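K.L.:
Structure provided below as structure tokens; questions to follow.
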Amino acid sequence: MNGLNDDPMAPQTFLYGCVLEAGKEVVFNPDDDELEHQLDLRMACVDPSTKDELHMVEVEGQDAEGQKVKAALVSLKPSTLPSVCLGGFTITPPTVFRLKTGSGPVHISGQHLVMMEAGQSFDDDEDDEEEE
Amino acid sequence: MNGLNDDPMAPQTFLYGCVLEAGKEVVFNPDDDELEHQLDLRMACVDPSTKDELHMVEVEGQDAEGQKVKAALVSLKPSTLPSVCLGGFTITPPTVFRLKTGSGPVHISGQHLVMMEAGQSFDDDEDDEEEE
Amino acid sequence: MNGLNDDPMAPQTFLYGCVLEAGKEVVFNPDDDELEHQLDLRMACVDPSTKDELHMVEVEGQDAEGQKVKAALVSLKPSTLPSVCLGGFTITPPTVFRLKTGSGPVHISGQHLVMMEAGQSFDDDEDDEEEE
Amino acid sequence: MNGLNDDPMAPQTFLYGCVLEAGKEVVFNPDDDELEHQLDLRMACVDPSTKDELHMVEVEGQDAEGQKVKAALVSLKPSTLPSVCLGGFTITPPTVFRLKTGSGPVHISGQHLVMMEAGQSFDDDEDDEEEE
Amino acid sequence: MNGLNDDPMAPQTFLYGCVLEAGKEVVFNPDDDELEHQLDLRMACVDPSTKDELHMVEVEGQDAEGQKVKAALVSLKPSTLPSVCLGGFTITPPTVFRLKTGSGPVHISGQHLVMMEAGQSFDDDEDDEEEE
């Protein structure tokens, strides 16, 4: 009742899913000054409406020098490989997903983790007394 | 024998399995005020009675804003890809699984983890003395 | 030399493998009052003698209510998918593996973890002085 | 704001991607005396321009005796297996990736982790006072 | 500079790779009294010279009773499944890999972890003053 066991750094896990189609970018960039966000990508798959061609998903993020960098995440073709496990690919926002080839749709899913940023606590800018 | 080394936060692991068929939702929402529940999804597969068409499994949960969100979990087709590793996709209940396409059956399996909620202990509503 | 760094809770890792054939169950249920056992399943595969039909492996364990529960672990077909990664599917004994369909053989492999049960230590019922 | 909760050993995660083509090596060897670098490889995939032949990716690194060692990382063929999960294969630089067979392109992606080396702290060569 | 943050138990990660051919066993058994060794297997794949037949890799190790045990690790066929993720299958030496069926070559890769054994430290039998 007094929250002694609370670990404010333990991330909370939410469901994340997006659908990629040709010419449509999906941005993941939570507008949040206080909490740290992360995606753990788990699965990519096609659906029965996906055209039977090779679809390559590109992800855009930042490299260690702070420069924008693009990487090929996965290639799927309905008749060859309709689903692939992404194995917990960790993405730090801001990030953009897009179909580099193929008309889609391709579905991406995973976990959206929300945690405290190092050096902050949940009541940094709240006046209430945190009692849980 | 005195439980000195017991870690009340360590999750217990149980087996979880469900079968999805067209028009039949599977809900995972343990009715439990005291313990925290989680699914770690491991495998999806078809069986010999599954029709040879693309089956897409949809999972419904909550996003970080508390809104209901749907994501495509996996697509399977018996003649192309009868099994896929889900790689430990973590699902926080309440959640619903359903076949978005295909008549099924599709089998989902994984681990059902049960742990104490942060800020609680196992004797919150028990009278025995358990000093930790 | 005095074992100060010993962590009695760290699991030891052994190799686990079994072969499933139609009508032959494989039970994993170590007869052990003192140590805790767990399987981390890693791979399932067929061999050249496996008939070219869909083989579905079923695993039987316990759910969170202590009831016996069955789940489909994986489906393999030699000409389509001869091997699948099980991704560390954690199984708590007692457990039973069987072929639900197919005549086999199907091979399952992984790690057998042995660790102290919470609340015990390695010298609970030994008189020797533990010096390593 | 004062960084009280900062964990200087916690790695930072960046996006890593490279493209392999016949006769073109990709070196990963950050020129950095102060920080430790690591790659967690997640995915390998082809794109629609990749010729339909078997492409084998070789990785070159160091074994436990400090000798140069080569290992086959993954084999992809567009019509058979256009994507493979690498499951978090951890690579310590210096490392070299190359196509051992096939003309490419083959795409590799994953996470570039940057962390403090053991025995160092972020202000080893900075004059600011950072009390932890 | 004084190594205060050094964690002597943290494993060091090296690259491991081997090639299996019919009739040729590969042994992993580092001759080392002081350090603990482990393999985390990540990938298995064929190359263009591998004959198009089903290759099954067998691994031999120890079970929890200290008896020699064999397990089927993975089955690959160039035209069906040229690569499989082994997902971090942890192997404790002594271990032997061999092709149980097929003429090869089949390539295995992963991480060779080296760590201190519990109850030891890096200067147990060295006289030098450890300064890093």
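K.L.:
Give B:ASP47, B:ASP7, B:ASP40, B:ASP33 a once-over and let me know the one that is at the interface with another protein chain (Cβ under 9 Å from one of its Cβ atoms) and modelled with pLDDT under 95.
P.N.:
Numbers: B:ASP47 fails: modelled with pLDDT under 95; B:ASP40 fails: modelled with pLDDT under 95; B:ASP33 fails: at the interface with another protein chain (Cβ under 9 Å from one of its Cβ atoms).
Only one candidate passes the filter, namely B:ASP7.
K.L.:
Follow-up question, since we're still on this one. Return the total of residues in the range A:75-113 being open to solvent by less than 20 Å² (accessible area, probe 1.4 Å), of a type in the set (Ser, Thr, Tyr) and not in a strand (DSSP E or B).
P.N.:
Qualifying residue count for the region: 0.
K.L.:
Return the residues of the range C:83-113 that are among the polar types (S, T, N, Q) and under 19 Å from E:MET43 (Cβ atoms); say none if nothing qualifies. Explain how you work it out, then say what you get.
P.N.:
Residues of the range C:83-113 that are among the polar types (S, T, N, Q), as a first pass: C:83, C:90, C:92, C:95, C:101, C:103, C:109, C:111.
Scanning the range C:83-113 gives C:SER83, C:SER109, C:GLN111.
K.L.:
Yes or no: A:GLY66 open to solvent by 20 Å² or more (accessible area, probe 1.4 Å), in contact (Cβ under 8 Å) with a residue 60 or more places away in the chain and more than 11 Å from the chain's Cα centre (by Cα)?
P.N.:
Values: open to solvent by 20 Å² or more (accessible area, probe 1.4 Å): yes; in contact (Cβ under 8 Å) with a residue 60 or more places away in the chain: no; more than 11 Å from the chain's Cα centre (by Cα): yes.
Considered against the rule, which asks whether it is open to solvent by 20 Å² or more (accessible area, probe 1.4 Å), in contact (Cβ under 8 Å) with a residue 60 or more places away in the chain and more than 11 Å from the chain's Cα centre (by Cα), A:GLY66 comes out as no.
K.L.:
Which of (1) at pLDDT 95 or above; (2) open to solvent by less than 30 Å² (accessible area, probe 1.4 Å); (3) not hydroxyl-bearing (Ser, Thr, Tyr) is the odd one out, the single condition B:MET116 does not satisfy?
P.N.:
For B:MET116, the failing item is (1).
K.L.:
Within the range B:49-61, identify whether any single residue is free of Cβ contacts under 8 Å to residues at least 12 places away in the same chain and open to solvent by 60 Å² or more (accessible area, probe 1.4 Å), and answer yes or no.
P.N.:
So the first thing to find is which residues in the range B:49-61 are free of Cβ contacts under 8 Å to residues at least 12 places away in the same chain, and the list is none.
No, the range B:49-61 contains no residue that is free of Cβ contacts under 8 Å to residues at least 12 places away in the same chain and open to solvent by 60 Å² or more (accessible area, probe 1.4 Å).
K.L.:
Just one of C:GLY87, C:GLY66 is modelled with pLDDT under 95 and facing chain B (nearest Cβ under 7 Å); which is it?
P.N.:
Working: C:GLY66 fails: facing chain B (nearest Cβ under 7 Å).
Result of the check over C:GLY87, C:GLY66: C:GLY87.
K.L.:
Something else now. Could we say that D:GLU126 is open to solvent by 20 Å² or more (accessible area, probe 1.4 Å), at pLDDT below 95 and part of a loop (DSSP other than H, G, I, E, B) here? Let's see the steps before the verdict.
P.N.:
On the way: open to solvent by 20 Å² or more (accessible area, probe 1.4 Å): yes; at pLDDT below 95: yes; part of a loop (DSSP other than H, G, I, E, B): yes.
Yes.
K.L.:
Please pick out the residue among D:PRO11, D:PRO82, D:PRO78 that is farther than 30 Å from A:LEU81 by Cβ and either hydrophobic (A, V, I, L, M, F, W, C) or touching a residue at least 12 places away in the same chain (Cβ under 8 Å) (or both).
P.N.:
On the way: D:PRO82 fails: farther than 30 Å from A:LEU81 by Cβ; D:PRO78 fails: farther than 30 Å from A:LEU81 by Cβ.
None of the others qualify; the one that does is D:PRO11.
K.L.:
Which members of the range B:49-74 meet the condition of being assigned to a loop (DSSP other than H, G, I, E, B) and farther than 15 Å from A:ILE108 by Cα?
P.N.:
Of all residues in the range B:49-74, those assigned to a loop (DSSP other than H, G, I, E, B) come to B:49-54, B:63-67.
Scanning the range B:49-74 gives B:SER49, B:THR50, B:LYS51, B:ASP52, B:GLU53, B:LEU54, B:ALA64, B:GLU65, B:GLY66, B:GLN67.
K.L.:
I'm checking my understanding of the structure. Among residues of the range E:10-22 that are part of a loop (DSSP other than H, G, I, E, B) and modelled with pLDDT under 95, which one is most open to solvent (accessible area, probe 1.4 Å)? Let's see the steps before the verdict.
P.N.:
At the first step, the residues of the range E:10-22 found to be part of a loop (DSSP other than H, G, I, E, B) are E:10-11, E:22.
Still in the list and also modelled with pLDDT under 95: E:10-11.
On the way: E:ALA10: 49, E:PRO11: 67 Å².
Within the range E:10-22, the match that is most open to solvent (accessible area, probe 1.4 Å) is E:PRO11.
The values are calculated or read from the model by the stated rules, or taken from the named source; none is laboratory data. Bear in mind the structure is a predicted one, so any value in this text is a computation, not a measurement. We place every Cβ from the backbone using ideal geometry, glycine too, and count neighbours over all the protein chains shown. Areas reflect the complete protein model, heavy atoms only, side chains present, ligands, DNA and RNA absent. Shrake-Rupley method; radii C 1.70, N 1.55, O 1.52, S 1.80 Å.
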